[in-house]
1. Taking 22 Å as R0, compute the FRET efficiency from the Cβ-Cβ separation of residue 262 and residue 239 and round it to 0.05.
2. What does the extension gain come out to for residue 35 and residue 228, with contour length at 0.36 nm per residue minus their alpha carbon separation?
3. Ranked by Cβ crowding within 10 angstrom, fewest neighbours first, how are 206, 34, 224 ordered?
4. How do 209, 263 rank when sorted from fewest to most other Cβ atoms within 10 Å of their own Cβ?
5. Share of Cα-Cα pairs in the stretch 171-240 beyond 19 Å, in percent?
């Protein structure tokens, strides 16, 4: 049975007894922390790194992941975008046998739980989460998902790293540490004994991004960090791997919607948290 969000009204939220904090992650690391409640993560595009109790896990697009907030954890997008939902359950709801069973399993987990809805649910659930455009809609969808989880409609597993994902992690790490380099994709692929076309195919299949998109995003992130430290724009362009200042400016306008100079001005004011343009997220 497909999830019909139009039929999920605010009274149902109150009946379910879920309270939320909702945030979309920005480029950069979320430092290790603990808190009450449960975190639900949804990976829209790219690759997400989650650390729990010193162990590192990698999440790919379309995965729904739960983990307890009381265990020291952090999460960051190595590329792309993901959403975090912090869930608190009202005591009267937690007393329900199905919910109590669900909460006990989550709080006992030492690894993130990857949720696998049946095929009849997965497509509509993932499609609706990627189209979230308001806190109210987000809450109704997440409440319905959690209700189904509590009723054991979803199977749970742990993140798995296969050879293709391992390769992507290695390539992204190389790109991160060599974002200033002018190497082309053929040269980067050769370092990992693979053709450029094969590397593009693996990236596209596993994380929904091309290597070029990932590299550009890493360059932008590095440039943002340098601009925040008041480094001259010409020096930022060179250090971030852009051949010219104009190339840096074009990339900023396309992906962030403002120039490097304007970015530095508004970030220094403390009132701006940049989000990458949806063109990058959709690959257009």
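A short reminder: the numbers here are calculations on the coordinates, not readings from a lab. On a predicted model such as this, the values are computed, not experimentally measured, just so you know. Cβ atoms come from the backbone with ideal geometry, glycine included; neighbour counts cover every protein chain shown.
1. In this case the efficiency is close to 0.70.
2. 66.6 nm
3. 34, 206, 224
4. Taking fewest neighbouring Cβ atoms as first place, the list is 263, 209.
5. Tail fraction, whole percent: 36.
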